[in-house]
C-alpha cells in the first residue's frame, strides 16, 4: 500500500509541468501579441502606456516590480508583482476572467489572448516572475 501511495505521489509530481520562462513568455506572447504597440519605439503602448518592451531585457526591466505608468494606469498598481497575479496590472489586463484595473483590456482592439497564453503568464507570475 505504501509503495502504491509513493508511486501515485511521484506520478502526480512528474505530470505537472514547470511554469514557462520569461524567455518563452517574451518570444511566444509579447513579440507576437504585444507588437507593434509595446515593441516599437513609436508604438502607442510605449508612447501612452509608458511600457517599452522593444527588447526582452527592456520588457523585464519595465514589468517586474515596476509601478504602472502612462495616461490610464499611472498610480494604479504594479505591473507585475512576483507571486501575485491578482495584484499584477499586466495579468489583470490580459486575464480572460478579470476586469482591467485601468485602461483597456490587452491586446488593445484585438482578440483576447488564447487561454493557454494567459494561463502561461499567470503561471510565470505565480512562480515568482523570474528573469529566465
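Quick note: the coordinates plus some simple rules give every number you see, no bench work behind them. Note that this is a predicted model, so its numbers are computed, not measured. Ideal geometry is used to build each Cβ from the backbone, glycine not excepted, and the neighbour counts take in all protein chains shown.
Rank 54, 28, 39 by mean-square fluctuation in a GNM of the chain with C-alpha springs under 10 angstrom and give only the top-ranked residue. Residue with maximal mean-square fluctuation among 54, 28, 39: 28.
The Kirkwood hydrodynamic radius of the stretch 54-132, based on inverse pair distances between different Cα atoms, is 12.6 Å. Here the relative contact order of the stretch 16-126, from alpha carbon pairs under 8 Å that lie six or more residues apart, stands at 21 percent.
Once you have the Cα-Cα distance between residue 58 and residue 123, take 0.36 nm times their residue separation minus that, and quote the gain in nm to one decimal.
On the way: separation 65, 0.36 × 65 = 23.40 nm, distance 2.08 nm.
Extra length from residue 58 to residue 123 when fully extended: 21.3 nm.
Show that you can apply the helix-only estimate: for the chain, add -39,500 (n - 2.57) for every DSSP H stretch of four or more residues, divide by all residues, and state [θ] at 222 nm to the nearest 500. Provide the component values of the computation, followed by the final result.
Details: 7 runs with 52 residues, N = 132.
Helices in the chain give a 222 nm mean residue ellipticity of -10000 deg cm²/dmol.
What does a probe at residue 24 reach in the stretch 79-121, counting residues whose amide N is under 15 Å from the point 7 Å along Cα→Cβ? So the set is 115-121.
How much space per residue, in cubic angstrom, does the convex hull of the C-alpha atoms of the chain take up? Each step should come with its number before you reach the end.
Details: hull volume 14.3 nm³, N = 132.
Value for the chain: 108 Å³ per residue.
The distance between label points at residue 130 and residue 76 comes to 3.2 nm (points 7 Å beyond Cα on the Cα→Cβ vector).
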